[in-house]
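Right, one structure below, let's go through it.
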Amino acid sequence: MIIDDRHYDVAIVGSGAAGATLAAELAAAGHAVLLLERGGAMALADQNVADVDLFRRQRYHPGESWFGPDGDPFAPQMVYALGGNTKIWGGVLERMREREFTGLALQDGPSPDWGLRYGDLAPWYEKAEALYRVHGRCGIDPTEPPRSGDFPHAPRPIEPFLEELRLGLERRAVRPYPLPLTWSTSAEDPSGDAERFGLESAATAPSYTLRCGARVRALHVNPTGTEVKGVEARIDGRNWLFTAHQVVLAAGAVNSAVILLRSRSNPHPNGLANGSDQVGRNLMRPQLTSILQLAASPNSGRYPRSLGVNDYYWGDKNVDFPLGAIQSGGGVLQDPLFAESPPVLSLVTRLLPDLALEQLARRSVCWWAMSAVLPDPENRLTVRGDRIDIRYVPNCLEAHDRLVYRWLDTIQAVEADPLTQVVRSAPIYPRGEAPLAVMGYACGTCRMGTDPASSVVDLEGRSHEVANLSIADASLLPGCPAVGPGLTVIANALRIAERLKAELA
Ligand SMILES: Cc1cc2nc3c(=O)[nH]c(=O)nc-3n(C[C@H](O)[C@H](O)[C@H](O)COP(=O)(O)OP(=O)(O)OC[C@H]3O[C@@H](n4cnc5c(N)ncnc54)[C@H](O)[C@@H]3O)c2cc1C
């Protein structure tokens, strides 16, 4: 074991939405920050994939297998790179709604009360939107939570056919709004991510150290188990030990839990900070279904997500439970999520020549239906040596089905409108649910709460059991809203950074 002879103020594990944001904040405040990231820089060509190759190869799978409920291995869609999953995300950054913090009743039961209130996160949401240059417009989305002003930047222009579709939806009394998107000023890499808005600014601070290719395997504690004394990482085939005053896990909802479960010791026989037995439990991923509609004429197939519809977010006629959100998908040739669950394209793509596949994709308009799910302690990940097992049974299925069928009715009504020329009615609307392998939206495996018996960290991300250990990523979210978790993860990381700055001062 090689022991790094520097003692850092903070060691952060993982450079995704949470880790990069936290590192930038702490490094800017002058703290000696060590960032350990198992991946390296992602090639620009991989970041802006815009061709049929997306369907041909299993891109964005790190070459490891996890094991599903049936015991069969599967290749998770997961980015291990600087910026983590934000390198391929849709970049839609939305705030959770007020009610989602207070035990909202979903189809299968109440979602957990977060302990926090929307007002606790609102200033951090505002800061997160500014940091990630979110482009949007307030006052259109009927479910929008209160905010002190408009978005930092006006919405991005959308494709002309989507603009026509927007008008068509409005004629059917639907209220589409421009999806809030993170967008950079770089022509080469325009979609915003945690590398651009976190790591690049951290790198300007003299007190910041980045170690790429550093896969953290375990955290080591003092004999009484009250303090992390060392962070063990595998770098270039050798084991290293790093020490820091504070240690923050930000390796994502699956890997932060894996690190804790692998860090067993006498004082922590079930895994570090796992006296509650909640580490790895309550795994959630929003239900996601892609729906394809036939475009009347070819589009570029290459554009970002653009329109949102939250008209059924809180319910629908005859139903008083929330259904979820609709988003127009990015261009089919540019959406890694879609490539993962291509409804009609799945088999066909392997048989079609490139040109035909390109034509098929360009004739498609993709929609995403997204629904919230409840935490279930039996939905969990466990580890056996190097093996990761995932047990997952989705819940609130009827709500999601209703959302999908409601949207099919809506798009058919739009097609029947003679003024809407950009889409055609079709005998089928191919659709497909994102399979278990789509794990990039995962959350909940180290839930925060006030009760140490039922949560892993407190409401400020501090372990209930280990004095200098915090968790800052999607694993601490107690619930899984229908909007993407990205902005909430970033806002929460900013909040935790503020607490750490005060503690390190
Ligand atoms: C295709 C796709 C589209 C998405 N679109 C959206 C969207 O439009 N809006 C939205 O809000 N959310 C979206 N998401 C979800 C969003 O990306 C995640 O919620 C967010 O990135 C979670 O942040 P995180 O910090 O918890 O983890 P991540 O961003 O996943 O970062 C974890 C980091 O930890 C590193 N790591 C893991 N294990 C170790 C280890 N042992 N040692 C060292 N480093 C380690 C990883 O390499 C990675 O860099 C999308 C996800 C995907 C995959």
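Summary of computed values
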{"quantity": "Mean ellipticity per residue at 222 nm, deg cm²/dmol - from DSSP H runs of n ≥ 4 across the chain, formula -39500 (n - 2.57)", "calculated": "-7000 deg cm²/dmol"}
{"quantity": "Using distinct alpha-carbon pairs, which all enter the 1/r mean, Kirkwood radius of the chain in Å", "calculated": "23.0"}
{"quantity": "Stretch gain in nm, segment Arg424-Ala173, where the contour uses 0.36 nm per residue and the Cα spacing is subtracted", "calculated": "88.4 nm"}
{"quantity": "Those trypsin sites (Lys or Arg not before Pro) in region 258-338 that DSSP places in a loop and that have at most 15 other beta carbons within 10 Å", "calculated": "Arg264, Lys317"}
{"quantity": "Length added when fully stretched, Val393-Thr185, from 0.36 nm per residue minus Cα-Cα", "calculated": "70.8 nm"}
{"quantity": "Greater than 23 Å apart at Cα, pairs in Lys127/Lys501; Lys87/Lys127; Lys87/Lys229", "calculated": "Lys87/Lys229"}
{"quantity": "Virtual spin-label span in nm between Glu164 and Thr204, 7 Å along Cα→Cβ", "calculated": "4.4"}
{"quantity": "Nearest-20 debye value, the chain charge dipole, Cβ charges on Lys, Arg, Asp, Glu", "calculated": "460"}
{"quantity": "Furthest towards positive pole of dipole, Gly385, Asn270, Gly484, structure part the chain, Cβ charges", "calculated": "Gly385"}
{"quantity": "Radius 12 Å from Cβ of Leu181, net charge of other residues (Lys, Arg +1; Asp, Glu -1)", "calculated": "+1"}
{"quantity": "Loop-exposed GluC sites (Glu not before Pro) per DSSP, neighbour cap 11 Cβ within 10 angstrom, longest uninterrupted part of the chain", "calculated": "189-377"}
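Since every read-out is calculated from the coordinates, none of them should be taken as a lab result. None of these values were measured; they are calculated from a predicted model. Virtual Cβ from ideal backbone geometry, glycine too; neighbours counted across all protein chains shown.
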